[in-house]
Amino acid sequence: SRKERYTMKIARKTISMIVMFAIVASISVCAFAATPPDYVVSDFRNFNYIEQGHTSTYVRILQRFLLYYNWTTGNYIRSNGGVDGSFGTGTYYATYEFQKTVFSSATQWDGKVGANTWEKICKAMDFSDLSTEGVVYKFWIGSNLILQRVSNIWSVVGGDGQTYSIYT
């Protein structure tokens, strides 16, 4: 009947509005939950300066991030030794490509990683604080765990499956 069609139409509109509200609300909550607090960003800004020729756990952190950041940066890492802790040509070009996506000025596209690039790396990852004391943090790209901090120990998994740590 006409009345039933009208009732169904109203019900569909109501359900559609509820679903849209739920989607918008979940996106908003996720966006806010994924932003690291200033003190975590500050930790990243204090990470060691690294450039081509360096070998360290900081390089492993950078490489693991770049491996999953996008196809281009990941390809440079995969085809040049993987997450091996050695800042070679592949890591340089992957870093340069990342910098092109996050810095508007070409003067900042130098393939070197200082405080500003570390900050952009921090902000490019999804962040989760897993404790009420704020001492357990995890950083993700999609479903890939990139880096975690427990108390003052930052840890990353290398290409060999081993865990490498730095103490801050």
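The values are calculated or read from the model by the stated rules, or taken from the named source; none is laboratory data. These numbers come from a predicted model, not from an experiment. Counting neighbours? That spans all protein chains shown, and the Cβs are built from the backbone with ideal geometry, glycine included. Note: accessible area is taken over every heavy atom of the protein model, side chains too, but ligands, DNA and RNA are not part of it. Shrake-Rupley method; radii C 1.70, N 1.55, O 1.52, S 1.80 Å.
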Odd one out for Asn75, checked against (1) in contact with a Ser or Thr (Cβ under 9 Å, 6 or more places away or on another chain); (2) outside any loop (DSSP other than H, G, I, E, B): (1)
Regarding the stretch 77-98, can at least one residue be identified that is within 22 Å of Ser42 (Cα to Cα), crowded, with 20+ Cβ neighbours inside 10 Å and modelled with pLDDT of 95 or more? yes
Of these, Ser143, Ser151, which one is farther than 19 Å from Tyr49 by Cα, over 15 Å from the mean Cα position of the chain (by Cα) and among the hydroxyl-bearing types (Ser, Thr, Tyr)? Ser151
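Quick check on Thr72: is it more than 18 Å from Met125 (Cα to Cα), of a type in the set (Val, Ile, Thr), open to solvent by 10 Å² or more (accessible area, probe 1.4 Å) and out of contact with any Lys or Arg (no Cβ under 8 Å at 6 or more places or on another chain)?
Working: more than 18 Å from Met125 (Cα to Cα): no; of a type in the set (Val, Ile, Thr): yes; open to solvent by 10 Å² or more (accessible area, probe 1.4 Å): yes; out of contact with any Lys or Arg (no Cβ under 8 Å at 6 or more places or on another chain): yes.
The answer is no for Thr72.
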Contact list, first residue from the stretch 136-157 and without any contact (Cβ under 8 Å) to a residue 40 or more places away in the chain, second anywhere and open to solvent by 50 Å² or more (accessible area, probe 1.4 Å) and not in a strand (DSSP E or B), beta-carbon distance below 6 Å, six or more apart or interchain, is Val136/Leu130; Ser151/Val135; Asn152/Thr168
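Any residue that is touching a residue at least 40 places away in the same chain (Cβ under 8 Å) and hydroxyl-bearing (Ser, Thr, Tyr) - is there at least one of those in the stretch 107-115? Step through it out loud before you land on a result.
Keep residues of the stretch 107-115 that are touching a residue at least 40 places away in the same chain (Cβ under 8 Å), which gives 111-115.
Now narrow it down to the ones that are hydroxyl-bearing (Ser, Thr, Tyr): none.
No, because not a single residue in the stretch 107-115 is touching a residue at least 40 places away in the same chain (Cβ under 8 Å) and hydroxyl-bearing (Ser, Thr, Tyr).
Working carefully through the options Arg45, Arg2, Arg12, find the one that is touching a Cys at 6+ places or on another chain (Cβ under 9 Å) and either farther than 23 Å from Ile146 by Cβ or at pLDDT 90 or above (or both). Break it down into steps so the answer makes sense when it comes.
Numbers: Arg2 fails: touching a Cys at 6+ places or on another chain (Cβ under 9 Å); Arg12 fails: touching a Cys at 6+ places or on another chain (Cβ under 9 Å).
Going through Arg45, Arg2, Arg12 in turn, just one is touching a Cys at 6+ places or on another chain (Cβ under 9 Å) and either farther than 23 Å from Ile146 by Cβ or at pLDDT 90 or above (or both): Arg45.
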